[in-house]
Amino acid sequence: MALTVRVISPDKTIWDAEAEEVILPSTTGQLGILSGHAPLLTALDTGVMRVRASKNTNWQAIALLGGFAEVEADEVTILVNGAERGDTIDVDSARTAYNEAQTRLAQVPAGDRQAQIQANQAYKRARARFQAAGGLV
């Protein structure tokens, strides 16, 4: 039996299809979902969600920018602040943004906590986009 998977951001639905397996970036680590999974509500971190439509297909990557996921009765509903399918992200621009975010994070003064938080969030977003585009494994 397949899962029904929906990824919904404030402005559009990014994914709405059946899948065999989903891997989510929860705030406590990677979380795998198969059909028959127990009911669950979890917070999602900024990272890459992977979804496989069937055992004979490749994984699809979606960059998630934090949110929540609910699993109930073979339905996975993912509500996120923002998301992008990996196949729509330009790898070169994602690589450039990732390298710039890495540099900014390294240059933040040690005592500036607010700047560190902002730079770390920008770095996590850039890394997720780059990973989803296939730039990082």
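The values are calculated or read from the model by the stated rules, or taken from the named source; none is laboratory data. Here the structure is a predicted model, which means the values were calculated and not measured. Cβ atoms come from the backbone with ideal geometry, glycine included; neighbour counts cover every protein chain shown. The protein model used for the area step is the full one, side chains on, heavy atoms only, and it has no ligands, DNA or RNA in it. Shrake-Rupley method; radii C 1.70, N 1.55, O 1.52, S 1.80 Å.
Worth pointing out:
- Taking the chain and dividing mean pair separation by its residue count, relative contact order in percent (alpha carbons under 8 Å, at least six apart): 22 percent
- A Förster distance of 22 Å, applied to the separation of the beta-carbon atoms of W59 and T13, puts the FRET efficiency at 0.65.
- Heavy-atom accessible surface of E70, to the nearest 10 Å², is about 80 Å², with a 1.4 Å probe and all protein chains retained.
- Between E100 and Q116, the simple spin-label model (points 7 angstrom out along Cα→Cβ) gives 2.5 nm.
- What you get for the chain, charging only the Cβ of Lys and Arg (+1) and of Asp and Glu (-1), is a dipole of about 500 debye around the Cα centre.
- Unit charges at the beta carbon, dipole of segment 18-137: most positive-side option, P109, T28, A53: P109
- Residue among A110, A43, A17 with the largest mean-square fluctuation in a Gaussian network model of the chain, springs linking Cα atoms under 10 Å: A110
- Value of [θ]222 nm, deg cm²/dmol, for the chain, DSSP H segments ≥ 4, -39500 (n - 2.57) each, nearest 500: -9000 deg cm²/dmol
- Computed over segment 3-87, the percent of Cα pairs more than 20 Å apart is 21.
- Crossing angle, helix 91-107 versus the chain [Cα axis fit, 0-90 degrees, rounded to tens]: 50 degrees
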